[in-house]
Structures are given as C-alpha cells and as structure tokens.
1. List the trypsin sites (Lys or Arg not before Pro) in segment 81-160 that DSSP assigns to loop (not H, G, I, E or B) and whose Cβ has at most 11 other Cβ atoms within 10 Å. Which are they?
2. So who's got an amide H within less than 5 Å of the one on residue 361, skipping anything under 5 residues away but keeping other chains? H placed 1.01 Å off N, in plane.
3. Give the long-range amide H neighbours of residue 247: residues separated by 5 or more places, or on another chain, with amide H under 5 Å away, using H modelled in the peptide plane at 1.01 Å from N.
4. Straight distance only, please: which aspartates and glutamates reach the Cα of residue 262 with their own Cα at less than 13 Å, same-chain residues fewer than 8 apart left out?
5. Students often get this wrong, so check it: of 188/234; 195/234; 62/372; 188/427, which have C-alpha atoms separated by over 23 Å?
6. Of 261, 99, how do they rank once you tally other Cβ atoms within 10 Å and put the fewest first?
7. Report ³J(HN,Hα) in whole Hz for each residue of segment 27-40, in order, from the Karplus equation J = 6.51 cos²θ - 1.76 cosθ + 1.60 where θ = phi - 60°; Gly and Pro get x.
8. For segment 49-57, in order, what is each residue's ³J(HN,Hα) by Karplus, 6.51 cos²θ - 1.76 cosθ + 1.60 with θ = phi - 60°, in whole Hz (x at glycine and Pro)?
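Coordinate-derived values only; no laboratory data. For clarity, every value in this text was computed on a predicted model and none was experimentally measured. All Cβ positions, glycine included, derive from the backbone under ideal geometry; neighbour counts span all protein chains shown.
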Amino acid sequence: MIRSALIAACLATVLPARVDQPGQTLRNLIERPYLELADLATRVSFSGSQYAQVRRELEAEKKKQAQLLESQEKQLLQKIAQDRKELERLNRLASRDDEATTEKRREVHCRILELERQAYEKRVERQHGMPVVFDNRLAKLSLLEHWPAEKSGVDAQIAAGQARQRRFGDVEDIGVRKVGEGQEKDVKKGEEAIKDLKMYGLMPPEMTDERVRNYVQGLANDLAARSDVKVPIKVTILTSKEINAFALPGGFLYVNTGLIEKAESESELAGVLAHEMAHVAARHGARLMRKATIAGLVYQSAQIAAIIFTGGAVGIGTYYALQYGFFGLGLALNLTLLGVNREFEAEADQLGVQYCWRAGYDPRGFITFFDKMASEKGYVRAASFFRTHPPFFERILSTFKEMEFLPPVEKLKVDCCEFQDMKEHLKVTTRKVEKERKESPKLRRFPECPEPPPSKDSQITERSTGNDYERVCCP
Ligand SMILES: [Zn+2]
C-alpha cells in the first residue's frame, strides 16, 4: 500500500499526462516509453495471438531492414572495387605521375576513404544499431504482456514477508553487507589497465574542466557513500562523443562527455553511474581479469579497435576513428576488459537501482535513459553501452521488479538545477574544445582529403522524451 503511494506521488511528476488511450493498437503502443507501458500493462488486454502477430511483424521488418542495409553496403563495396581498378589503370599509364594524374589519384584516394567510412557505417547499423531498435520494441511488447503477472508475483512475495529473500534483498544493509569482498585489491589492476590503455592510444583525451569533473565526482561520491563500494571512486571525464561510461577495477570511473550531454536529468546520470559502480562493488572486471593478463586484454582491445573501427583497411587511424565519429572504445572495452556478460549485467542493473534508491535518486532515471538510448536510431549507433549487452527484456523486467521490491521513499530526487547548470557549462566548453580541435594539426593518414562530415550520431536533434520532470532545485 505504501508502495502505491510512492508510485502515485512519482507518477504525477514523471509520467506524461496522456496515459490511457483506449483503441490504441499494440503496434503503436510499443513506441511508448517503458514507464508508461508498465503502468498501462495492467489496464490493457490483448490476446496471446495478437502479441504473437506483432512479434512476427517485427521479426519480418527486422529481416527486411537488414537485407536493405546489406545491399547498400554491397553497393558501396562495389564502388570501392571500381576505384581500386581506377588506381591500377593509373599505375599502368606511366612510371611517374604528371600533374593531372596526381590530382586524379588524390581524388580517387579520398573517394575510397569516404566510401569505406560509409560502408562501415552501414555495417555497424546492420550489426548493432538496427537490432537494438528491434530488440527494444520486442522488449516493450513483452513488458506489456508479462508485467501484470510479474508484478503480482512481486506483490505476493512482499505480502508474504519474503522480499528480502531475493538475491541482494538485504537493501537496508547496503554498505555493511557482503558484496564483492576485497575490492581494494583491484586498485593495482585498474591502474595497470589505465596505463596500458593510454599506451595503446585507446583512451580519449581527458576533459580538464573542473566544474564538470567536480559535479560528476560529487554525484559519484554521493552514490558511493550509499553503496557497497569500499574503494574511493575516482572520476575522469573523457572528451568523446561516444555515449558511454565504464568503470575499471578498483574504482576508476570514466564518463564520456557524450553521455553527460545526452542525460536529461540528474537521476538519469545517477542511474548510469550507479550501474558502473555496481560493477566495481561486485568486482566484475577483476573477476574477468583473473583469467587473463591486463596487457593481453588491452592489446586485444587495441586489435579489435583497429579492425572494427577501420574496417581492417588502411586510411583512418585508430585514434582518428575513436575520436571523430567511429565511436567505439566502449565496444572493445566491454568485450574484454569490463567483463560484460549476462550475469554481471543483471547484477549491476539490480545493484545500481538499489544504490540510486538508497541515495534518494529516482531509480527510474536508469530506465528513461536506457529507453532513450535504445529508441533513437542515432543514439543506438553511438551508444556502445548496448552493443554488447544481454537481451533487453530480461534487463528491463528485472529492473522493474527490483524497483517494485524496494521499500518506498517519500520523495526521490529526479532532477536538480545544479545538473542543468553543469550541462549548460559543458555545452559551452565542448563547443570550445571542438573549435580548437578543428584548428589544431590533425593526426590523419590522408590530411589532403576533406574531413568527413560529422557522423549522423552527433547530428541528432535533441528531442523531448515527453517526460514532464519536476525540477527539484538543490538547496
Ligand atoms: Zn554494465
């Protein structure tokens, strides 16, 4: 009962006004936010065959989209092959280039680079972006179908006095309970990994701006103080458009400017930070690293980065690829260093939600951020957070269940003016950094070619999620 009071209090501020719209088709409904769907789920009724029908439709659409992207990539590759033939023709003309041939050759080089970039983008979209968009829709469909039964299950467990019997159910004991003992032993591992990442040029430049760093560090401290983390959290802000954050063993938390820019409220950022801290607390990275040497893992990351981000082709250096459009450090890191696997992700989701709740931040921020990243095509491509993560439905469902299990809190913090002020400041700083970057000498293999247009990911227009967040100003 207290639980429903909390929901009612929060729904008034978080959920959009338009909730119940009878006559909506299932197909339309799954375009709505997760939070709205969880609420709607108990009030709509569709038959099993209706759900099955939409599932089939989505699978068919996904297949069609994949075929389209594949044929577009093929066409680009054919054009590249033609251009290579053109180079061969030029090479047969004479032993030395005259002025006209030099110019022609330069044109062909630049065109090949540009076509390779476009083909790469098509491939990433087919392999990562598009599947995420469809997985997200399928997860929404499943949430609508299964949430009422799942919620009743949780309610029954709470009523029977068994809420604390779930894994990590002792939420009142956060900070003194046993989660990932021996975290302090991981500091050395984390330091080594950082050194190696820097050595291989895999780490984007640090953002030195004190105001942004202090803000994020403050938020991280706030969460850490109410978590199972036993090591100091050291925040570093990285200047990268990639929407990602990651934590290395021992409490080294890296947050990209791209992620901060895309978080629309303090609770969204808190949700992501708390998730990453959970990886530190539960020692996920360290547990994975036990099986391999750090240098080996980083070297592997560098190889993956070089192959994936450059399409295995000459032309665009890894550094360039990481910095200017081929976002992807997160992908390489997730695959190796960070130990992303189903079990660890589920744990980090659950613990992260608990830390937000304990620190007084609305844990639903994690869901709204997740939702936004997964729904917008451009975001998905930039958000490496999703590329390697387990199926959406499992994650969303367990996050919703955990939120249901948590004892209600009077007033959860959703947003804060300090957060919005920091974001304004970040916008100005990023613009300045971007300008300086354009003017500075570039690390590019073919500096004579025009710089490719900014990736579509950085051109996404800001949109409103439709959430009418209450702005709670910090005193
Ligand atoms: Zn994770």
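1. Values: sites: 84, 85, 89, 92, 96, 104, 105, 106, 111, 117, 122, 123, 126, 137, 140, 151; in loops: 96.
Within segment 81-160, the qualifying trypsin sites (Lys or Arg not before Pro) (loop, at most 11 other Cβ atoms within 10 Å) are 96.
2. Result for residue 361 returns 413.
3. Answer set, sorted by chain and number: 254.
4. 242, 371, 376, 424, 457, 462
5. 188/427
6. Values: 261 16, 99 7.
The most exposed by this proxy come first: 99, 261.
7. Here the 3J(HN,Hα) series is 4, 6, 4, 6, 8, 7, x, 3, 4, 5, 5, 4, 6, 5 Hz.
8. 6, 5, 4, 4, 4, 5, 4, 5, 4
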